[in-house]
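Q: Let me give you the structure first, and then I'll get to my questions.
The values are calculated or read from the model by the stated rules, or taken from the named source; none is laboratory data. This one's a predicted model, so the numbers in the text were calculated from it and none came from an experiment. Cβ sites come from the backbone with ideal geometry, for glycine too, and all protein chains shown count toward neighbours.
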């Protein structure tokens with residue numbers, strides 16, 4: 001009888017843990033991590049395009065783009081997936097700063113990505129001008 005009681009009490013406690021786990025809310029930490037990564041990639045760069053995607057030139061003068069692809073924030077060239085399961089992504093320039101806006105599950109997040117320094121003609125390497 002005591003073994004049966006132990007099993008029943010253990011199962012009751014286990015059931016409470018499972019029932020409670022469905023009520024735990026998500027804090028979307030992955031969004032904050034991705035925003036920090038995007039900001040680190042783009043720091044000090046000159047932008048080419050800011051809209052649904054964000055295109056800039058890095059220090060090696062390579063064109064880099066962050067864009068929404070199948071509900072994922074993706075960095076190209078290559079295909080580095082920075083964030084998954086997002087509903088919308090867009091970038092805006094306000095007060096000489098570039099902001100990234102991410103929507104997920106009817107919530108919107110806004111992050112400062114970089115200072116808005118536009119790509120100038122003299123910044124383009126000579127071989128691209130020919």
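Q: So which residues in segment 42-53 are under 15 Å from residue 99 (Cβ atoms) and not in a loop (DSSP other than H, G, I, E, B), if there are any at all?
A: Once the filter is applied, which keeps residues that are under 15 Å from residue 99 (Cβ atoms) and not in a loop (DSSP other than H, G, I, E, B), segment 42-53 yields 42, 47, 49, 50.
Q: Now for a separate question. What is the number of the single condition among (1) assigned to a loop (DSSP other than H, G, I, E, B); (2) within 30 Å of residue 107 (Cα to Cα); (3) at pLDDT 85 or above that residue 39 does not meet?
A: (1)
Q: Got at least one residue in segment 54-70 being buried (at least 17 other Cβ atoms within 10 Å of the Cβ) and in a loop (DSSP other than H, G, I, E, B)?
A: Within segment 54-70, not a single residue is buried (at least 17 other Cβ atoms within 10 Å of the Cβ) and in a loop (DSSP other than H, G, I, E, B).
Q: On the basis of being over 14 Å from residue 118 (Cα atoms) and free of Cβ contacts under 8 Å to residues at least 24 places away in the same chain, does residue 66 make the cut?
A: Numbers: over 14 Å from residue 118 (Cα atoms): yes; free of Cβ contacts under 8 Å to residues at least 24 places away in the same chain: no.
No, not satisfied.
Q: Looking at (1) at positive phi; (2) at pLDDT 85 or above, which one does residue 28 not meet, given that it meets all the others?
A: For residue 28, the exception is condition (2).
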